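The values are calculated or read from the model by the stated rules, or taken from the named source; none is laboratory data. Since the structure is predicted, the reported quantities are computational estimates derived from the model, not experimental observations. Neighbour counts run over all protein chains shown; Cβ positions are idealised from the backbone, glycine included. Side chains included, ligands, DNA and RNA excluded: accessible areas come from the protein's heavy atoms. Shrake-Rupley method; radii C 1.70, N 1.55, O 1.52, S 1.80 Å.
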Amino acid sequence: MEIRQTGNRNFVSSVVTHSPAHRAGIPLGDEVISLNHIPLDSLHTIAFLSSRMQVGDTIVYEIRRSESVSAPYALTLESPDRKSTRLNSSHVS
C-alpha cells in the first residue's frame, strides 16, 4: 500500500493485489489518519515509521472512509509477491 499526501491529508494511492491491505478491503482513496497510533502529519512521518518495520511486523493503520467513520486495520507485513499487481490511482480525492 502506498500513501499520497494531498494538502494536509494522506490517502491510499495504490494497493498491491493479494497484499494484506488488499485482503483487508482497503480501497484506493481511503484517508490514512494514523500509523501505529501516531497521527500522520506528513509523508516524512510515514517514511520514518515505515523504515523501522520488517516482514512479520504488524502495523495498525487508522483509516477513514467518510467524514464520520474511521476504523483501525492491523496489517502484518509480508514479503513482496512478484505475481501481484499494484492497483494505482493517478488522482485521489
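When residue 60 is tested against (1) in a helix (DSSP H, G or I); (2) within 12 Å of the chain's Cα centre (by Cα); (3) of a type outside the set (D, E, K, R), just one condition goes unmet, and that condition is (1). Of all the residues in the stretch 1-16, those that are open to solvent by 20 Å² or more (accessible area, probe 1.4 Å), in contact (Cβ under 8 Å) with a residue 40 or more places away in the chain and farther than 17 Å from residue 74 by Cα number 2.
In the stretch 25-81, what residues are among the acidic types (Asp, Glu) and open to solvent by less than 30 Å² (accessible area, probe 1.4 Å)? 30, 31, listed by residue number. The set of residues from the stretch 66-77 being within 18 Å of residue 41 (Cα to Cα) and not in a strand (DSSP E or B) comprises just one member, 67.
For the stretch 8-52, give me each residue that is charged (D, E, K, R), outside any helix (DSSP H, G or I) and under 16 Å from residue 71 (Cβ atoms).
30, 31
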